[in-house]
Amino acid sequence: MRIRHLIQTSDLSNDEICEIFQNTANRSDLITEDNKVLKNKRFITIFFENSTRTLSSFEIAIKNLGGEVIRLDIANSSTAKGESIADTAATLNAMQPHAIITRHKSAGAPNFLSKFTSCPIVNGGDGAHAHPTQALLDLYTIANHFGKKIFANSNPIDQCLRGLESLRGKCIAIVGDIKNSRVANSNIELLMRFGVNIILVAPPHFLYKTRLKVSHNLHQIIDEVDIIMALRTQTERHNTQIYGSLKDYANRFCITKELLGNRDIIVLHPGPVHRNIDIDDEMFSDPRCKVLEQVQNGVRIRMSVMEFLCNKT
Ligand code: NCD
C-alpha cells in the first residue's frame, strides 16, 4: 500500500474530502468507548513553531480514538544540539510510529521529512505554504453552517454533504496578511475546488499578484459576501515592519459589528486572534462569529483525518 501523507489540501480528492466529512458528521460524541480505531498505535508530534490549538487539537483527536501520542519537546531535542531535520526524521522513523505530525517555519519541511520516513507525515503548518487540516476544518464549518440552515430537517451527514454542495456560487472575503498566510493558501485551493468565489481583502503590501478578485476596502465588498475569514498579521514572517502600526491596520480591516450590521454573514478566524485588530470584541461574541465552533470542529476533523490516513496506509 502506498503511504498517504497530508501535506497540502491537494493531497486529497473531492471524494476523499466528502468521505472525511461524512465520517466527521457521523460523530455524535468526541469520546466513545467503541470507537478506539487508533488503539495500539503511536503518533509523534514534533512542532518546530509555536502552536496552541493545532498541536493540542491533533493530540486530543488521537487520544479520543485510543491512540498514544509522544510529543517531542523541541527545546530539549537533538535539533537544539544541531542535528539536521533529515537525521531527526530518520531517527523518529526508526521507532516505527504510525504517523508523524509536524509544524515548521520553512515551507516544504514536511515534504522533505516525508522522504526519510515510512509512515504518513501530517502537516500542521509549514511556513507560508500550507495548513491542510485548518482549511478542512474551515470548509467543514462553513458547509455545516449552510447545511443546517438550508436543510434543517435532514440528518447531520446529509446536512454536511448537501451544505458542501450548496457552497457553489457563495462568496468569501479573506481579509488580512494573505501573502504570509498558509491558512489563506490552503483555503484558497480548497474553497475554489468547491465552487466558492473568493475576494482577497488587504492592504497592497499584504497581497501578491493574483488572478483572484482583490479589494483594499471592506465596505466596498461587504454586500457581495456570505463569509468572512479574518487572518492574523503574521509579524513573525515579516523581515521589516511594513505598516505604521497594527492599530492603523485595524482602522481599515478589523471585522466589526458595525461593518456587518444585520447582514447574514458568518465570520471565521483560524486563531490566535488579535482582538480589536482582526475582529472586535463585540463581533467576537456575536453568534455569527464561528471561531470556537472552528476549534471544536478541528478536533472532529483531525480524528477523521488520522483515521483516514491510518486506514489508507
Ligand atoms: C494559524 C497558523 O499557525 O498557521 N493558526 C492555527 O494553526 N490555528 C494561523 C496563525 O498563526 O495566524
Helix-only estimate, please: 222 nm mean residue ellipticity of the chain, summing -39500 (n - 2.57) across DSSP H runs of length 4 or more and dividing by its residues, to the nearest 500.
-11500 deg cm²/dmol
Please give me, ordered by residue number, the trypsin sites (Lys or Arg not before Pro) of region 207-304 that lie in loop per DSSP and have at most 13 other Cβ atoms within 10 Å.
LYS209, ARG211, ARG263
Per-pair calculated FRET efficiency, R0 = 25 Å: THR79 and HIS238 via Cβ, rounded to 0.05:
0.55
Cα-Cα over 31 Å: which of LYS105/LYS148; LYS63/LYS312; LYS81/LYS179; LYS179/LYS247?
LYS105/LYS148; LYS81/LYS179
To the nearest 0.05, the calculated FRET efficiency linking HIS219 and THR52 through their beta-carbon distance, R0 being 22 Å, is 0.10
Taking 0.36 nm per residue of sequence separation and subtracting the Cα-Cα distance, how much length would be gained by fully extending the chain between ASP87 and ARG168, in nm to one decimal?
24.7 nm
Could you list the trypsin sites (Lys or Arg not before Pro) in region 143-178 that lie in coil according to DSSP, counting only those with at most 13 other Cβ atoms within 10 Å of their Cβ?
ARG168
On C-alpha positions alone, give me the angle between the axis of helix 14-25 and the longest principal axis of the chain, in degrees, nearest 10.
90 degrees
Sites removed, the longest contiguous part of the chain containing no DSSP-loop GluC sites (Glu not before Pro) with at most 14 other Cβ within 10 Å is 84-313
How are the C-alpha pair distances of region 217-267 spread across 10 Å bins, as whole percents from the shortest bin up?
20, 48, 26, 7
For a quick size check, give me the Cα extents of region 1-41 along its three principal axes, largest first, whole Å.
32, 25, 16
Write down Rg/Rh for region 1-142, rounded to two decimals, with Rg from the C-alpha atoms and Rh from the Kirkwood relation over Cα pairs.
0.95
Listed by chain and number, the residues whose amide H is under 5 Å from that of MET229, excluding neighbours fewer than 5 places away on the same chain and using placed H, are ALA173, ILE174, VAL175, LEU268
Distances longer than 17 Å among the Cα atoms of region 251-313: what percent of all pairs is that?
49 percent
Helix 291-312 against the longest principal axis of the chain: what's the angle in degrees, Cα atoms only, rounded to the nearest 10?
40 degrees
Candidates ALA152, ALA173, ALA250: whichever shows maximal mean-square fluctuation once the chain is modelled as a Gaussian network with Cα springs under 10 Å:
ALA152
Could you state the orientation-averaged shadow area of the convex hull built on the Cα atoms of the chain, in nm² to one decimal?
16.5 nm²
How big is the gap, in Å, between the Cα center of region 212-238 and the Cα center of region 262-313?
16 Å
According to a simple spin-label model (label point 7 Å from Cα along Cα-to-Cβ), what is the distance in nm between ASP286 and SER245?
2.6 nm
HN-Hα couplings for region 128-145 via Karplus (6.51, -1.76, 1.60; θ = phi - 60°), in whole Hz with x for Gly/Pro, come out as 9, 7, 8, 8, x, 6, 5, 5, 5, 6, 5, 4, 4, 5, 5, 4, 5, 4
So, with +1 on the Cβ of K and R and -1 on the Cβ of D and E, and no other charges, what is the size of the charge dipole of the chain about its Cα centre, to the nearest 20 debye?
480 debye
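Here, each number is a calculation from the coordinates, and none is a lab measurement. Everything numeric here is computed off the predicted structure, so don't read it as measured data. Backbone-built Cβ (ideal geometry, glycine too); neighbour counts: all protein chains shown.
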